[in-house]
1. Could you give the longest part of chain B that holds none of the trypsin sites (Lys or Arg not before Pro) found in DSSP loops with at most 16 neighbouring Cβ atoms within 10 Å?
2. For the stretch B:1-152, what is the per residue volume of the convex hull drawn over the alpha-carbon atoms, in cubic angstrom?
3. Cα-based count: Lys pairs in the stretch B:1-154 below 17 Å, eight or more positions apart or different chains?
4. Could you size up the charge dipole of the protein assembly as shown around its Cα centre, putting +1 on the beta carbon of Lys and Arg and -1 on that of Asp and Glu, and report it in debye to the nearest 20?
5. With runs of 4+ DSSP H residues as the only contributors, calculate the mean residue ellipticity of the protein assembly as shown at 222 nm using -39,500 (n - 2.57) per run, divided by the residue total and rounded to the nearest 500.
6. Rounded, prolate or oblate, given the Cα gyration tensor of the stretch B:214-287, with a/c below 1.5 counting as rounded?
7. Check cross-link reach from B:K155 to the aspartates and glutamates: straight Cα distance under 16 Å, and skip same-chain residues fewer than eight apart.
8. Of all the stretches in chain B, which is the longest one without any exposed loop site, taking GluC sites (Glu not before Pro) in a DSSP loop (any state but H, G, I, E, B) with at most 11 other Cβ atoms within 10 Å?
Amino acid sequence: MKHTIQCDIVSAQEEIFSGEATMIFATGSVGELGISPRHAPLITQLKPGPVRVQRPDGDEAFFFVGGGILEVMPHVVTVLADTAVRADDLDQAAAQRAKEEAERALQDRTGEVEVAEAQARLVEAVAQLRALEQLRKQVKRR
Amino acid sequence: MAGGKEITGKIRSIENTKKVTSALEMVSASKIRKSQDLMNATRPYTRMIRRVMGHLSKANPEFRHPFTVRREETKKVGYIIVSTDRGLCGGLNINLFKLVLASIQEWRGQGAEVSLVTLGKKASAFFKNINVEIAAHASNLGEKPQIEDLIGSIKVMLDAYREERIDLVYIVYNDFINTMSQRPRLEQLLPLPETDDEEVRDIWDYIYEPDAEALLDTVLVRYIEADVYHAVLENLASEHAARMIAMKNATDNAGDLIDELTLAYNKARQAAITQEISEIVGGAAAV
């Protein structure tokens, strides 16, 4: 019988940990969890907190997760960690900010200024090109 | 000597421009590598969350989450448009916007409304000038985009979808194929397209904490966020690649222009000398 279980901890931005473990501790949404090999299949939300992984050589690895999901399968424990602390009201605030950002972008009249500026620069560049062309013709005529 | 001074002035100014463009080219070349690394770092998460989604849907075949159900009628279409914050990257953004406009036109032709979420300054600057609703916007994502900065904009779309104000959501971004080519892509984000996962042999069920539906909801939201995040990174890598190519072309063109101008300058100089000599000779003959 195997006394270890594969443990993968990943976040959307990077792979955090992958290796064998004898025991894994985490804070589930309904309480502390200790997972040893041959644990029954389980899936749970995680609360923000530490995830502790005991390695076969006796070392312990600590990771802080801002929440996420933990899945226990017969051969593997997967932790899908959130990089940010998530809560409904926090998400709501972020959504509100994104909406306001859109309104600001719409009201922003700098758009017209940008276009006017770009047009002015284009006119200048065209004039320069024309001057160059004339210069070249002059040189050829000589 | 006519024209000589003007030409040297012009040459000097083009040389300065060339210095700037070749510096930008080198900066972009080094950034491509970094953004590719960021892109690859997201792969394990996507793979694992797909696996968890597969397990959950196999364990609960009777439960259909709204995100996976196709709606009968499409009254309003949402687009999440990933663009760059800065310009000087060739036709990258414009090609993407053309694709969006074509799709918008098509849906409007079928009588559907359109709502946009813009990521990056270029998209908001472009789409605010045409008559279209912008529901949310995020910019200044930087060289190392963070998921936190995207959550709000994505939630606006997801909420609208949940409340059935929107029936279909696309994500539009530039797919990084390699340094030389990037392809604008329009993909369906919601409802989630059917995926064929590997068959699960044993029939089993999980212990759920708290309950299956809430968990599935969380997993799906995370999945969509990871998808959008990945698109942002693809677009970032594309931006650097496109800028590198654009700046390389600009540097080459500046070189050509300098060559031509140098030739013109030398001709002008020679003409002036010839004229002077013939004047002296003519003068001497007259004396």
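A short reminder: the numbers here are calculations on the coordinates, not readings from a lab. No experiment lies behind these values; they were computed from the predicted model shown. Cβ atoms come from the backbone with ideal geometry, glycine included; neighbour counts cover every protein chain shown.
1. Counting at most 16 other Cβ atoms within 10 Å as exposed, the longest clean stretch of chain B is B:202-287.
2. Convex hull of Cα atoms, per residue: 161 Å³.
3. Total qualifying Lys-Lys pairs in the stretch B:1-154 comes to 8.
4. Dipole magnitude for the protein assembly as shown comes out near 2480 debye.
5. -18500 deg cm²/dmol
6. prolate
7. A:D82, A:D88, A:D89, A:D91, A:E100, A:E101, B:E163, B:E164, B:D167, B:D217, B:E225, B:D227
8. Maximal segment without exposed cleavage sites: B:200-287.
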